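Notes to accompany the following structure.
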């Protein structure tokens, strides 16, 4: 198989190298040409023109920076893409734009799937990690084997073209929330005289993932019977701010404001999960 691969950043380059290792022929294009050229020593063919990159390719992969880059690339590449060659976009993008993009390409006779990933460059190089895919089921079936070779866990999110993008943003939101929470927790510890190493020992005996599997499930079900009330959580958020000498705690500061607002709506005696109440 020969594929056209657009995007030679850290993740895209790792995907390309993994394909080459599996014996796939890869024609690669990148806006900064030297990044594509750096893959030639691994066996890729670096191309200067997006349309020329696609000529003869049986499968098209995109791994770019954002929606604008995807749309600009497609405008430039489509004249060279055969309508029999599926287009698979791994870029993290806006779900609404995926819907628009899929409709536009379908109307023009192309087969498009969105397939974002939960993997960093080292995982992509080893073809491990999670890949999501959403779009028409027959299109997914056509490329399933190729996508399975790129990851250790391929998940079909369903026929709606935007659903993989939604799951990707949800996952990234959790990463941001966890890293932001870690930052705030370490700031509190440092303000109170603990080293970061001492503070990190908390996770030797406390596993915060239970919040997702326990409280998270109750939030989905709309079960707000109190285990830790909004009012008490708000009180504790204020204690965290005080313990940090009111240094900026981005996540806790935002949660303190949210908890105060929810309590002011008369929900203070419900469980913390009631922040999701509508």
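The sum of -39500 (n - 2.57) across all DSSP H runs of n ≥ 4, divided by the residue count of the chain, sets its helix-only mean residue ellipticity at 222 nm to -14000 deg cm²/dmol. Beta bridges per DSSP, both residues in the range 1-121: antiparallel share near 0 percent.
Bridges between two residues of the range 85-156, per DSSP, are antiparallel at a rate of about 30%. The angle between the Cα long axis of helix 137-148 and the longest principal axis of the Cα atoms of the chain comes to about 90 degrees, rounded to the nearest 10. Would you please give the FRET efficiency between residue 148 and residue 228, computed as 1/(1 + (r/R0)^6) with r the Cβ-Cβ distance and R0 = 45 Å, to the nearest 0.05? After rounding, the FRET efficiency stands at 0.60.
Label sites at residue 84 and residue 33, each approximated as a point 7 angstrom past Cα along Cα to Cβ, lie 3.2 nm apart. What separates the Cα centres of the range 209-276 and the range 147-162 is a distance of 34 Å. Over the chain, Cα pairs under 8 Å with separation of 6+ residues give a relative contact order of 12 percent. Between 0 and 90 degrees, the angle of helix 230-243 with respect to the longest Cα principal axis of the chain falls at about 90 degrees. Seen from all directions on average, the range 126-239 presents a Cα convex hull projection of 10.4 nm². If you take every DSSP beta bridge fully contained in the chain, what fraction is antiparallel? Give it as a percent rounded to 5. Antiparallel bridges make up about 15 percent of those DSSP assigns within the chain. Computed from the Cβ-Cβ distance with R0 of 41 Å, the FRET efficiency linking residue 278 to residue 141 stands at 0.65.
Only one item in [x] -0.65, -0.77, -1.16, -1.45; [y] -0.76, -0.84, -1.03, -1.19; [z] -0.64, -0.78, -1.28, -1.67 matches log10 I(q)/I(0) by the Debye sum over Cα atoms at q = 0.11, 0.12, 0.15, 0.17 Å⁻¹ derived from the coordinates shown, and that item is [y]. Highest-first packing order for the peptide set 97-105, 129-137 is 129-137, 97-105, based on the mean count of other beta carbon atoms within 10 Å.
Comparing 153, 66, 223 in a Gaussian network model of the chain where C-alpha atoms under 10 Å apart are linked, the largest mean-square fluctuation is found at 223.
Hey, what angle do you get for helix 250-262 against the long axis of the chain, alpha-carbon based, 0 to 90 degrees rounded to 10? Between the helix axis and the principal axis of the chain, the angle is about 60 degrees.
From the Kirkwood radius over Cα pairs of the range 2-161, Stokes-Einstein at 25 °C and 0.890 mPa s returns a whole-number translational diffusion coefficient of 161 µm²/s. The mean sequence separation of alpha-carbon pairs under 8 Å and at least six residues apart, normalised by the residue count of the range 2-161, gives a relative contact order of 20 percent. This ranking places 215, 192 by how few other beta-carbon atoms lie within 10 Å of each, fewest first, which gives 192, 215.
Sorted fewest first by neighbouring Cβ atoms within 10 angstrom, 166, 175 come out as 175, 166. When the alpha carbon gyration tensor of the range 12-67 is reduced to an equivalent ellipsoid, its three semi-axes come out at 15, 13, 12 angstrom, largest first.
Computed from the coordinates by the stated procedures, all read-outs in this text should not be read as laboratory data. Source: prediction; values computed, not measured. Note: ideal-geometry Cβ built from the backbone for every residue, glycine included; neighbour counts use all protein chains shown.
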